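Take a look at the structure below.
No lab work stands behind these numbers, since they all come straight from the coordinates. Everything numeric here is computed off the predicted structure, so don't read it as measured data. Cβ coordinates were reconstructed from backbone atoms using ideal geometry, including for glycine residues, and neighbour counts include every protein chain displayed.
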Protein chains: 2
Amino acid sequence: MTRSVFVLAALSCGLCFGQAADECKPNVLNVPEAKYPCVYSDNRAMFRVIAPDAQKVAVRIGRGFDMAKGPDGIWTVTTTPLVVGFHYYSLQVDGATVADPSTMTFFGSGWQNSGIEIPEPGDVDYYRARDVPHGHVAQQHYYSRITAKWRRCFVYTPPDYGTNAKAKYPVLYLLHGWGEDETGWYTQGHVDFIMDNLIAARKAKPMIIVMDNLNAVKPGESAALFAGRGLVPAPGAAPAAPPAGGTRGAQAGRGAGPGGRGMTFNLSTFTDMMFADLIPMVERTYRVLPGRENRAMAGLSMGGMQTFTTGLNNLDRFAYLGGFSGSCGGRGGTFDSKTTCGGAFADPAAFNKKVKVLFLGIGSVEGPGTKAFSDALTQAGIHNVYFESPGTAHEWLTWRRCLYDFAPRLFR
Amino acid sequence: MTRSVFVLAALSCGLCFGQAADECKPNVLNVPEAKYPCVYSDNRAMFRVIAPDAQKVAVRIGRGFDMAKGPDGIWTVTTTPLVVGFHYYSLQVDGATVADPSTMTFFGSGWQNSGIEIPEPGDVDYYRARDVPHGHVAQQHYYSRITAKWRRCFVYTPPDYGTNAKAKYPVLYLLHGWGEDETGWYTQGHVDFIMDNLIAARKAKPMIIVMDNLNAVKPGESAALFAGRGLVPAPGAAPAAPPAGGTRGAQAGRGAGPGGRGMTFNLSTFTDMMFADLIPMVERTYRVLPGRENRAMAGLSMGGMQTFTTGLNNLDRFAYLGGFSGSCGGRGGTFDSKTTCGGAFADPAAFNKKVKVLFLGIGSVEGPGTKAFSDALTQAGIHNVYFESPGTAHEWLTWRRCLYDFAPRLFR
C-alpha cells in the first residue's frame, strides 16, 4: 500500500520531484526557525529576501545570482550547484552590500557576512557534537605590551583539563585567515568538536589550542593593509589571501561597505606580540608543557603565511608547523632551497632533525601550487606532509579536514 | 599664544564647532576601522550607508530616521540625541530590513542586529577590561534529555578558578531576554568584566555564572511563540517582552525578515530542562558548592519572568532571585498577596526566611510598574530590593547596572 502510493506520486509528478519545495532543507546556519536559504540534495541553494520596493536584488556567493521579484514583494533565486562546505555570502539590495537577515553572521573579509553550509554527502560528523566528553572553548583577554592594547583570544582546553588537575598539556597556536578574527576556528571551524572527537577516539593527544587574532600593529605603526607586501620578509612569501578563485570569493571584499573593512596587520609585529605577550600569558594561565617539542603552530591562508614566517625563523620554539591553504610557498615562482622562504630549507638534514612535522594542506579545487611546493620540498630532501581535501575550495571545509588530519600528527 | 589661537578658531567657526565632523567618534561596536556610525558628545549618532541605487533608506533605532542621499551615492542621517547605553538597530533599504554592514552584529529579536553604544558620561569602566585578574567565559555544550537536542550555554568562571584547584563556588544562573540567546550576557552584557572588577575590588564573592538559552521545547511540543501567554502559569505574569516603549523598540521585530524569526519557548519546559539537564551538567562539570544557599537565578525581561516562574515555584532550590526589567509583576493589575505570582507571597514570614535576596531592577525610562510592584511587596511584608538605573531604557546598560548592584548581594 505504502509502496503503491509512492509510485503513484512519482508518476503524477514526474521530473518535478527533484525540485519539490519540501526537498529543500533549511541551511543549518539560519537563525532559529528561518526556512530560507535552503539547500537541495544536488547542492543548489534557494534564497529568499523581502525587499518589496527594491529594483535589483542579488546574492553574491562566489559569483552573483540575480534574484527575481514575486508578486508578494519577495525576491527569490535558486543557484547552480555549489561546492560542499561553508560559504560566506552577501546580498546586494539596490547597490547596498549587506548580510542576509535570515542567517547567523560570521566575521570574514572584515565584516559580519552571512553563511551557508552545503552538506557533505554521507553521515560525516567528525566536526559535529557527538556523545563524547567535551572540552571547552574559553574567551581569554590579555593586555599586549607590544600593541599597547587589550586583546582577545579563544582557548580550547581538552575534556579532561578540568578534572585532571595536575596534568600539563602541549599547545597548538592556530590562526584564522585574511579578514577573519579569533572567532573563526571555533565558529566556522568547529575546532572543539573536531578535537573532542579525535581525542575520544584516541586519534589525537589531548592538547590546548590557542586561537588568536592576526591583526596586530604597534602604536604609531602605520596600519599595513593587505597590499603591504613589503612586510613579508621572505622571498616567495606572497600573501596567501585574498585568493583569486574558489568560493571564498563569495566574500563581499574589503571596501565593499561604508566602513573601513581593512585589516591592519604586520607579520613581524604579530611575531613580536606572540613571543612577548601571547605565549607568556598562555604559559602563565594554563597548565602547559614547556619547550619546542610541545609547541605547534598552524594557520589557514594568511594564517599559514604567518605560521611559516614566525615558525621558520624561530625553530628553537616550534617543532610542528602547519599551513592550511597558505604557507611561504605554493603560489608560483622557482623553488630554490637556498633562498625560498628566507633560506629556511638550505640545510635539509638540520631542518628535518628539528621539525617533526611540516604540514601542507590544500583543497583540490584551489589549484596545484601547494602540491608543486610540497614536491619541490621533497625533491630538496625536506620531509613534509602533503594533504589534499577532495572537492573543496579555499574555505572552511578544507580547513576542518586539514585540522582533522594534522592534529593526530602532533606531539608524538 | 595657545589661548589666542583657540579664541581665533572659535570666533571664525562660531556655532559650527559643535557639529564638526571630527567630533563624531566611531561607535565602539563598529567592525575594525569603520568610522561610521559615529556618536557626537551630545549623543546624536551619524549613520552612513552605501546604497547608490536605492530609492529610500532609513535607520531604525527606537524610531525611524530617514536618510538622505548624497551625490556620491552615500546615504547619511544624524539622529536626535539617543538614550545612553547599548542599542540594537537595523537599516531599511527599499523595504528590506537588514543589519548595517559597518558594525558587529548582536543576536536580538531572533536575528543578528547591528549595535551601537552611546557612551555614559564620565569615565565609567566597571564593565570594561581593567588591569585586574580575569575570569573566563567558556562555551559549554550538553545534551538535553528533555528537549532531545544538544544545547549550548556559556559559563563564567572567576579568576582564581584555574589556580585554586580545590575551591568550590556558588552559582548564578543568568538569563537573557526575548529574542536573544546565550551569547547576550557575555557580548552585550560584559558579564566577565563586571564580575572581574567586582571580585578584584572584593565587592562580590567569586562565583560561577551560567548563561543558558531560554528557548526550549520538548519534541513534538508545539512551538509556543511569544503570543502564547497561556503558558504563563501565574496570574499577573504577563510576558515582560517585547516592550511597548524604550529604545529596545529599535529591534526590527519578529517577522520583519524573510525567515521565521520567532522564538520557541515554554516556561515550564525550560524549568524541567534546567532541573533535569542543565543544573546536573553544571554540578557534574564544575566545582560547585551544593544547596539552595549557593544557588541564585536572575534574568532580564523575559528572563526575569522565567526566573520568577522557575524560582518562586522551587524555593527549595534557590535562595536568591533577581528580575532585571522583568518578573512576575510590575505590569499593572491589582496586587493581591494571596494570588499574585501564583500566591508565592501569601506567607511573608516563611518567604522572607527562605529568600535571602529578592531583587527588582528597572531603568528609569521604563515606567513606574516595577517600583509599584516593589512597594506593594514591601507593603505586604515581603523583603525586596528595588534598584532603579537612572536615565536608561529597556536595554543592556540597565541590565549591566542591575548585575553590578545584584551580584555583590549574593552568597553572603
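Remarks
- Burial ordering of A:Leu172, A:Leu315, B:Leu312, fewest other beta-carbon atoms within 10 Å first: A:Leu315, B:Leu312, A:Leu172
- Here the residues B:Tyr161, B:Tyr386, ranked from fewest to most Cβ neighbours within 10 Å of their Cβ, fall in the order B:Tyr386, B:Tyr161.
- Ranked for footprinting exposure by Cβ neighbours inside 10 Å, fewest first, A:Ser90, B:Ser144 give B:Ser144, A:Ser90.
- Within the range B:324-366, the ratio Rg/Rh, alpha carbon atoms throughout and Rh by Kirkwood, equals 1.00.
- For A:Lys56 and A:Glu293, the difference between the fully extended length at 0.36 nm per residue and the C-alpha to C-alpha distance is 79.7 nm.
- Computed from backbone phi with θ = phi - 60° and the Karplus coefficients 6.51, -1.76 and 1.60, the 3J(HN,Hα) list for the range B:150-161 is 6, 10, 10, 10, 10, 10, 8, 10, x, x, 8, 4 Hz; x is used for glycine and proline.
- Using 0.36 nm per residue and subtracting the Cα-Cα separation, the extra length available between B:Asp160 and B:Asn43 on full extension is 38.3 nm.
- Within 10 Å of each Cβ in B:104-111, the average number of Cβ atoms from other chains: 5
- Position B:Ala276, label points 7 Å along Cα→Cβ, spacing to each other copy in nm (shortest first, one decimal): 5.5
- Less than 5 angstrom separates the built amide H of A:Gly62 from those of A:Ala250, A:Gln251, all sequence-distant by 5 or more or on a different chain.
- A Cβ-based charge dipole, computed about the Cα centre of the range A:297-412 with Lys and Arg at +1 and Asp and Glu at -1, lands at about 320 debye.
- Copy-to-copy label separations for A:Pro81, where each label sits 7 Å from Cα toward Cβ, in nm and ascending: 6.2
- Label-to-label distances for B:Pro408 across copies, nearest first, come out at 5.5 nm, using points 7 Å from Cα in the beta-carbon direction.
- Spin-label pair B:Glu120/B:Lys69, simplified geometry with 7 Å Cα→Cβ offset, distance in nm: 4.2 nm
- Kirkwood-type radius of the range A:29-110, with distances r between different C-alpha atoms, in Å: 13.1 Å
- Amide H contacts under 5 Å for A:Tyr89: A:Ser114, A:Gly115, A:Ile116, restricted to partners 5 or more places along the chain or on a different chain, H placed in the peptide plane at 1.01 Å from N.
- With the gyration tensor restricted to C-alpha atoms of the range A:295-372, the semi-axes of the equivalent ellipsoid amount to 19, 15, 10 Å, longest first.
- Each peptide among A:47-56, A:341-350 gets the average number of other Cβ atoms lying within 10 Å of its residues, and from highest to lowest they stand as A:47-56, A:341-350.
- Vicinal HN-Hα couplings computed from phi for the range A:179-196 (Karplus, 6.51 cos²θ - 1.76 cosθ + 1.60; Hz; Gly/Pro x): x, 9, 8, 5, 7, x, 5, 8, 9, 6, x, 6, 4, 5, 5, 4, 6, 4
- Taken residue by residue and averaged, Cβ atoms of other chains lying within 10 Å of the Cβ of B:138-144 number 6.
- Among the listed pairs B:Lys168/B:Lys205; A:Lys205/B:Lys166; B:Lys35/B:Lys56, those with a Cα-Cα distance over 19 Å are A:Lys205/B:Lys166; B:Lys35/B:Lys56.
- Cut-off under 5 Å, modelled amide H: who pairs with B:Thr103 long-range: B:Val31
- Legend: Rg and Dmax of the range B:131-210, from Cα coordinates, 13.7, 43 Å.
- The string of couplings for the range A:41-47 from the Karplus curve (6.51, -1.76, 1.60, θ = phi - 60°) is 5, 8, 6, 6, 10, 10, 10 Hz, one whole number per residue in order, with x for Gly and Pro.
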